[in-house]
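A short worksheet on the structure shown next.
The values are calculated or read from the model by the stated rules, or taken from the named source; none is laboratory data. Just so we're clear, the structure is a prediction, and the values are computed from it rather than from any experiment. Here the Cβ is made from the backbone with ideal geometry for all residues, glycine too, and neighbour counts use every protein chain on show. Quick note on the areas: whole protein, heavy atoms, side chains included, nothing else; ligands and nucleic acids left out. Shrake-Rupley method; radii C 1.70, N 1.55, O 1.52, S 1.80 Å.
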Amino acid sequence: MPGPTPIDKLDEDAARRELADLSQNIHRANEAYHGQDAPEITDADYDALKRRLAGIEARFPGLKRPDSPSDQVGAAPSEGFAKVRHEVRMLSLSNAFDAQDVRDFDDTVRRYLGLGADAPLAYTAEPKIDGLSLSLRYEGGRLVQAATRGDGETGENVTRNALTVDDIPQTLTGAPDVLEVRGEVYMSHADFAALNERQAAAGGKTFANPRNAAAGSLRQLDPEITRSRPLRFFAYAWGALSDALAETQMDAIKRLGDLGFQINPLTTLCDGPDEMLAQYARIETGRAGLGYDIDGVVYKVNDLALQRRLGFRSTTPRWATAHKFAAELAWTRLERIEIQVGRTGALSPVARLTPVNVGGVMVSNATLHNEDYIAGRDARGQPIREGRDIREGDLVQVYRAGDVIPKIADVDLSQRPGGAQPFAFPQTCPECGSEAIREEGDAVRRCTGGLICPAQAVEKLKHFVSRAAFDIEGLGAKQVEQFYQDGWIKEPADIFTLKDRYGSGMQQLKNREGWGEKSAENLFAAIEEKRRIPLNRLIFALGIRHVGEVAGQVLARHFGSWDALTAAVDAAAAEPILNALEDRKAALAASPHYAEILGIDGVGETLARSLIATMDQEAERASIDRLAAHLTVEDVAAPQDSASPVVGKTVVFTGTLEKMTRAEAKARAEALGAKVSGSVSAKTDLLVAGPGAGSKAKKAAELGVETIDEDAWLALIADA
Ligand code: IVH
């Protein structure tokens with residue numbers, strides 16, 4: 001095929017024709033990319049079209065079309081949706097999988113509140129809708145903003161789309177001045193089937209299930225597409241409020257119904273676990289006839305005053321739980337067992353399966369956990385599956401519960417092919433060849449290659465850019481993998497020198513396949529943005545074993561700054577290593593920095609040791625230091641409202657508390673920004689002592705630590 005005519009050789013007619021084609025192609029590419037979530041051409045090709053268009057228009061200004069896409073520069077909605085910070089976080093729910101979990105949930109709630117087993121305690125039970133959650137903000141009775149959940153703190157502004165959904169009222173009468181209504185956007189089975197039929201007939205993309213269809217339809221940059229999709233909405237919760245809706249969950253939901261929202265008709269009030277389980281059974285029985293997907297039953301403490309006392313854990317409320325329906329099952333052939341090497345070197349066996357439909361989802365991979373699981377025994381050497389092992393070629397039972405990775409539950413020995421051999425778990429890393437060892441008490445075999453292992457390095461990078469870590473827009477798992485393979489990025493620090501190395505000069509990002517000028521610039525800008533990073537995210541992003549998101553928050557809150565954290569960890573590393581066999585007290589006394597880290601609420605020995613050992617490991621540490629040199633780490637300010645009188649204070653509770661349980665006291669204090677410690681030291685700011693306080697009160701008196709009783713404590717935090 002001849003290449004395009006050079007622009008200076010084009011005559012007017014050819015130029016006019018080409019401008020028409022170019023404008024059509026660019027409009028179509030825009031629509032495919034932004035409208036359908038399904039790009040048809042690469043960024044590089046797109047950029048080439050735009051460059052050609054601009055070149056021709058520059059030479060023939062008079063031929064520029066009124067609908068020219070060049071006028072959309074900058075206005076092209078490539079940034080997607082604007083971000084919205086939720087005034088009240090959008091949380092997820094803890095899970096219960098069986099009757100015992102439900103009883104345990106009730107027990108935990110009672111214990112937290114200090115209620116006896118016989119005290120009345122009511123819960124609501126309602127279906128858990130399988131869609132996506134949405135927060136609708138009304139001010140003065142008008143819908144002013146609709147936002148998706150996102151990561152719970154920041155979601156996407158989808159207001160224009162929400163306005164097209166019939167179930168979402170645009171105005172309310174008699175509502176509180178500020179009201180955020182939360183609920184689930186979903187699609188019915190019938191509407192889903194019809195939509196897929198229409199899509200298929202039009203040659204468009206079809207959706208795997210109603211939830212994907214609902215999500216894909218709501219997250220359209222063109223609200224007219226959303227309007228054409230039959231979305232529905234159930235209200236079941238709320239966020240910010242200027243006035244309380246009611247005193248109970250049930251009444252609050254009814255009030256939302258009265259305001260014009262759809263509320264789920266299967267919501268009932270239960271007076272304890274027996275009734276909750278009965279309602280669960282009823283809902284499960286009726287599940288197939290509902291006409292929309294649900295994946296469990298949600299229980300919520302009915303009394304809103306108790307909900308407030310119960311409060312939240314880091315990402316879930318203590319006053320609610322989701323009782324999931326049993327997993328879906330199917331039998332299929334296990335074709336191969338492959339070993340994947342994770343970020344911390346863990347060798348994880350993955351089952352490659354003959355694809356099979358498990359409850360509406362095609363499954364071709366499942367986890368096999370670890371070598372013991374394959375061999376048919378648990379961590380203590382006890383048989384599982386009555387000792388039946390799993391071999392390549394076996395017929396296996398796959399199960400899937402909600403969003404979790406499918407698992408292999410069982411194997412049918414009568415179907416085992418002749419000659420099938422027990423699976424020989426590798427003793428060396430399949431990626432780098434280093435020895436893979438299993439430490440005593442660990443179910444997992446790990447590659448000892450550390451940073452030289454390419455699999456570990458890549459997984460570390462993927463973790464580093466993941467959503468809860470650095471979350472760099474345009475730099476996902478796929479991109480870091482490619483950059484790693486080409487040697488452009490070998491460790492996190494390299495991300496921050498990418499622009500210096502590939503922003504100009506011989507080899508440039510914008511010339512890489514799949515990249516163009518626009519996407520390259522966007523990536524560099526996104527990286528720049530993340531040079532400032534909150535301390536907790538940085539700690540989590542390092543990918544240190546046992547140091548997860550919550551640990552990142554706990555450590556950040558305790559140390560406040562990167563310098564304080566590294567200083568403490570370095571000091572701890574220089575201390576005598578605590579050996580579990582030694583006299584613990586003496587060992588801790590000889591390791592005051594280690595003891596400090598261990599003293600942090602939420603930090604256990606495994607975490608502390610892993611943190612110290614990793615930061616003390618020469619190559620790891622050098623890599624971390626190279627990274628830190630590129631960053632401005634945002635210190636953690638006193639959490640939440642600084643109006644709280646106990647922000648940053650170290651508080652110890654001792655003796656009997658009469659108005660609240662110890663757990664509640666601790667959670668409340670932490671929510672107000674205090675650090676709660678188990679022992680009194682010179683760092684203690686306040687001792688709250690109930691009746692029967694003993695040695696701690698004595699020590700506080702010796703150290704001159706302020707000591708108050710429970711009533712004084714409650715008065716102190718009353719307005720906070
Ligand atoms: S209550 C603070 N009720 O489940 C608790 N959630 O796993 C707010 N969901 O993100 C959630 N049906 O998207 C609640 N009846 C229901 C629900 C429900 C579905 C979803 C929601 C939430 C997720 C948590």
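Observations on the model:
- Test: residue in the stretch 700-713 that is within 30 Å of SER314 (Cβ to Cβ), assigned to a strand (DSSP E or B) and open to solvent by less than 50 Å² (accessible area, probe 1.4 Å): yes
- Residue in the stretch 186-194 that is within 16 Å of the ligand (Cβ to nearest atom), open to solvent by less than 10 Å² (accessible area, probe 1.4 Å) and in contact with an Asp or Glu (Cβ under 7 Å, 6 or more places away or on another chain) present: no
- In the stretch 416-451, the residue that is least open to solvent (accessible area, probe 1.4 Å) out of those that are outside any loop (DSSP other than H, G, I, E, B) and farther than 17 Å from ILE374 by Cβ is CYS447.
- Single match in PRO120, PRO169, PRO127 (criterion: part of a loop (DSSP other than H, G, I, E, B) and open to solvent by less than 60 Å² (accessible area, probe 1.4 Å)): PRO169
- Selection from the stretch 167-185 of residues that are of a type in the set (Val, Ile, Thr), within 16 Å of the ligand (Cβ to nearest atom) and in contact (Cβ under 8 Å) with a residue 60 or more places away in the chain: ILE168, VAL181
- Filtering the stretch 130-164 to residues that are more than 11 Å from the ligand (Cβ to nearest atom), more than 26 Å from PHE192 (Cβ to Cβ) and within 17 Å of the chain's Cα centre (by Cα) leaves ASP151, GLU153, THR154.
- Number of positions in the stretch 341-363 that are surrounded by 15 or more Cβ atoms within 10 Å (Cβ to Cβ) and among the polar types (S, T, N, Q): 2
- Restricting the search to helices (runs of 4 or more DSSP H) fully inside the stretch 213-306 and requiring at least 2 residues that are more than 23 Å from GLU180 (Cα to Cα) and modelled with pLDDT of 95 or more gives 273-286.
- Subset tally (residues that are under 28 Å from the mean Cα position of the chain (by Cα) and open to solvent by 20 Å² or more (accessible area, probe 1.4 Å)) for the stretch 478-514: 12
- Checked against (1) in a helix (DSSP H, G or I); (2) surrounded by 19 or more Cβ atoms within 10 Å (Cβ to Cβ); (3) within 28 Å of the chain's Cα centre (by Cα), ALA572 meets all criteria but (3).
- Test: ARG467 is part of a loop (DSSP other than H, G, I, E, B) and in contact (Cβ under 8 Å) with a residue 40 or more places away in the chain: yes
Here's the yes/no breakdown for (1) outside any helix (DSSP H, G or I); (2) within 26 Å of the chain's Cα centre (by Cα); (3) free of Cβ contacts under 8 Å to residues at least 12 places away in the same chain:
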| residue | (1), (2), (3) |
| --- | --- |
| ILE624 | no, yes, no |
| GLY673 | yes, yes, no |
| LYS683 | yes, no, no |
| LYS696 | no, no, no |
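- Complete set of residues in the stretch 633-651 that are at pLDDT 80 or above, over 23 Å from the mean Cα position of the chain (by Cα) and not β-branched (Val, Ile, Thr): PRO645, GLY648, LYS649
- Search result, residues across the stretch 288-314 that are surrounded by 15 or more Cβ atoms within 10 Å (Cβ to Cβ) and within 25 Å of ARG211 (Cβ to Cβ): LEU290, TYR292, ASP293, ILE294, ASP295, GLY296, VAL297, VAL298, TYR299, LYS300
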